[in-house]
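Chemist: I have a structure I would like to understand better, so I am pasting it below and will then ask my questions one at a time.
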Amino acid sequence: MNGTRRVVRAVRRAGANLAVVVVALVAPSLGAATIRGRITKCSGSVGAPGHVVKAFEELKIGLRDLAKPCTIVTQNAQLVGTATARADGSYSITYTPTEAEPELCFFERKVFIRVFLPDGTTLIHASARKSVSSTVAFSFDTGDTTNCPQVLVPAFLELVPPSIVAGGPPTNARVSFTNTGGSGA
């Protein structure tokens, strides 16, 4: 019974010595759930502030049917929250997930995000759907490479045979880099 709570209800009929005990296992309420992540640019190295993130919850429910044991229907996604990416690109949306109704024969809830430019109207990304849990993470890189920080790579240059580099007519040269250790690829 890990993760569930037990409900016991005793019912006693007036004037009778008969007692009926009803025992049911009830799934715990999820309570608040958080959708969070980071919107970045420059291959994930820089936050993309100002982007608008909208979170949605989509339900699949099963309805009892006379012809079939359970008819599964996907409901339209509902907007559950909106956030604007902070200076480091992070965002967080907290909401209360939809609870399952006891008469449903199937219940599944998923969440996903849509990322918009800072104008709030131009859609640039729609994520895959993920199952709801207390925390769900979605991150996205915009692919923007403008104003990215320079990455300086220390390099050692050796000319073989030893040469003197000086002015003169333009020439072509080839430089090859070889990884000699460290954490680089």
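A short reminder: the numbers here are calculations on the coordinates, not readings from a lab. Predicted, not measured: the structure shown is a model, and the values here were computed from it. Backbone-built Cβ (ideal geometry, glycine too); neighbour counts: all protein chains shown.
Chemist: In a shell of Cβ-Cβ distance under 10 Å around GLY47, excluding GLY47 itself, what net charge do Lys and Arg (+1) and Asp and Glu (-1) give? Before the final figure, lay out each step's value.
Modeler: On the way: positive: ARG38, LYS41, ARG86; negative: ASP88.
Result for the local shell: +2.
Chemist: For every other residue with a beta carbon closer than 9 angstrom to the beta carbon of GLN75, add +1 if it is Lys or Arg and -1 if Asp or Glu, then tell me the sum. Each step should come with its number before you reach the end.
Modeler: On the way: positive: LYS60; negative: GLU58.
Summing Lys and Arg as +1 and Asp and Glu as -1 gives 0.
Chemist: Still on this structure: Once the Cβ-Cβ distance between HIS125 and SER90 is put in as r, and R0 is 22 Å, what FRET efficiency do you end up with, to the nearest 0.05?
Modeler: On the way: r = 16 Å, r/R0 = 0.73.
Efficiency, from the Cβ-Cβ distance: 0.85.
Chemist: Going Cα to Cα from LYS60, which aspartates and glutamates come in below 20 Å? Please leave out same-chain ones fewer than 8 positions away.
Modeler: Partners within reach: GLU99, GLU101, GLU103, GLU108.
Chemist: Still on this structure: Per 10 Å bin, what is the whole-percent P(r) computed from every C-alpha pair distance within segment 48-140?
Modeler: Cα pair-distance distribution for segment 48-140, in percent: 16, 41, 25, 13, 5, 0.
Chemist: Quick one: net charge around SER90, please, counting Lys, Arg +1 and Asp, Glu -1 for every other residue with C-beta under 15 Å from its C-beta. All intermediate terms of the calculation are to be shown ahead of the outcome.
Modeler: On the way: positive: ARG36, ARG38, LYS41, ARG86; negative: ASP88, ASP141.
Here the count lands on +2.
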